1. List the helices (runs of 4 or more DSSP H) inside the range 4-90, counting only whole elements, that have at least 2 residues being open to solvent by 10 Å² or more (accessible area, probe 1.4 Å), of a type outside the set (D, E, K, R) and out of contact with any Phe, Trp or Tyr (no Cβ under 9 Å at 6 or more places or on another chain).
2. Restricted to the range 161-201, and to residues that are among the acidic types (Asp, Glu) and closer than 23 Å to ASN143 by Cβ, which residue is farthest from the chain's Cα centre (by Cα)?
3. Are any residues in the range 200-223 farther than 21 Å from LEU252 by Cβ and in contact with a helix residue (DSSP H, G or I) (Cβ under 6 Å, 6 or more places away or on another chain), and if so, which ones?
4. It is to be established whether one or more residues within the range 83-94 are among the aliphatic types (A, V, I, L, M) and in contact with an Asp or Glu (Cβ under 8 Å, 6 or more places away or on another chain).
5. So if I check each of ALA273, ALA221, ALA237, which one is within 20 Å of PHE77 (Cα to Cα) and aliphatic (A, V, I, L, M)?
6. If you go through the range 59-82 one residue at a time, how many are touching a residue at least 12 places away in the same chain (Cβ under 8 Å) and more than 24 Å from SER209 (Cβ to Cβ)?
7. Inspect the range 186-199 for any residue being in contact (Cβ under 8 Å) with a residue 60 or more places away in the chain, touching a Cys at 6+ places or on another chain (Cβ under 9 Å) and open to solvent by 50 Å² or more (accessible area, probe 1.4 Å) and give the result as yes or no.
8. Mind listing just one residue for me: the one in the range 215-261 that is of a type in the set (Phe, Trp, Tyr) and under 23 Å from ALA194 (Cα atoms) and, of those, farthest from the chain's Cα centre (by Cα)?
Amino acid sequence: MSTTNGAAPERADLAIVIVSTNEARWLTACLTSVYAHAGSARLDVVVVDNESTDGTRAVVEEHFPAARVVDSVNRGFSHANNRALETCTARYALLLNPDTEVLDGTFGELVAEMDRRPDVGVLGVRQINGDGALSETMRRFPNAGRALGDALGLERWRTRPSWLGERELDLSLYQTEQECDWTVGAFLLARREALLSAGLLDERFFLFSDEPDLCLRIKRAGWRVLHLPSMTIVHHAGKAGVKPKLVAQAALARRIYAYKHFGTPHRQLYVGAVIARYLIRAALPGAERRAGRQAARLAVKVLLGRTAPPFGPPPVTAVERASDARHELAA
């Protein structure tokens, strides 16, 4: 592991970890907004250069000398975040997507809100999409019923019962403090003690499903997960359109989650519902859905083991040994 721009500041209030896998084009706007909204918080900003080839390191070192850069072998989102978290000593840690910008609120205010709520382990904030629409970031934990609702297209119905969908669709709730099961990882702020008690991110999740897994473990350790509208960010989600590899990875991550957290009967029902979701989408007509059909077919093949996982097989253990990471970076 290689770190530049100095070691972590002595006991910062908040470490902000941003993973860049060729995301340099977003970093200037993201980091500018981060520092502009620091408020009274002492920040330790860490950018993970996840084997980028687009000058990620140069952007940070030239324009944001107060930030640190951590090198990582690209083994996915969870792996990259863990390599940064291992270098941090702050009281709180924020996992922040590079394609985000802070619009309202300050990190000083968020730290104060967490200090006033010592039983809260994870915090999410108000997010809007690039078109200004509110993003439904409060979620319920996955289960077979919700997977079936998603497969049948019922998850999007705003009048559907909570057991048929993961997302909280009542937009009025996003204006007030709310407890939830998990929050979307584009902005996920965690208390240091919560991470210590529940463990780091599970690196078997290359992408996707890492947030419900982490939040489930944190809640089982006795902490609450909270949504606070004290800050608003914009997340430029969906910027790449439909990418079959990412759709297949999302499906595989749900299968990994099920095998980790569900007993055999529930696991079979859940994975069956997920497969049904993609079979239905693979059969939808219309030229405009061609990319979606191709992605759904690939997802089914991955779920059934008929083709290799899109980003390679998951590792055997949830967190790799630090010695393995140092060896690969030095090679």
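1. 24-36, 56-63
2. Narrowing the range 161-201 to residues among the acidic types (Asp, Glu): 166, 168, 170, 177, 179, 181, 193.
Next, from what is left, pick out any that are closer than 23 Å to ASN143 by Cβ: 166, 168, 170, 179, 181.
Numbers: GLU166: 15, GLU168: 17, ASP170: 22, GLU179: 18, ASP181: 14 Å.
Checking each candidate, the answer is ASP170.
3. Residues satisfying the conditions are ILE218, ALA221, TRP223.
4. Initially, the range 83-94 is screened for residues among the aliphatic types (A, V, I, L, M), giving 84-85, 90, 93-94.
Still in the running and in contact with an Asp or Glu (Cβ under 8 Å, 6 or more places away or on another chain): 90.
Yes, the range 83-94 contains a residue that is among the aliphatic types (A, V, I, L, M) and in contact with an Asp or Glu (Cβ under 8 Å, 6 or more places away or on another chain).
5. Details: ALA273 fails: within 20 Å of PHE77 (Cα to Cα); ALA221 fails: within 20 Å of PHE77 (Cα to Cα).
From the options ALA273, ALA221, ALA237, the qualifying one is ALA237.
6. Qualifying residue count, the range 59-82: 11.
7. The answer is yes; a qualifying residue exists.
8. Our first condition is that a residue be of a type in the set (Phe, Trp, Tyr); within the range 215-261, this holds for 223, 257, 259.
Then keep just the ones that are under 23 Å from ALA194 (Cα atoms); that gives 223, 257.
On the way: TRP223: 19, TYR257: 14 Å.
Checking each candidate, the answer is TRP223.
The values are calculated or read from the model by the stated rules, or taken from the named source; none is laboratory data. Keep in mind that this is a model prediction, so the values were computed, not measured. Backbone-built Cβ (ideal geometry, glycine too); neighbour counts: all protein chains shown. Ligands, DNA and RNA are stripped out before the accessible areas are found, and what is left, the full protein with its side chains, is counted by its heavy atoms. Shrake-Rupley method; radii C 1.70, N 1.55, O 1.52, S 1.80 Å.
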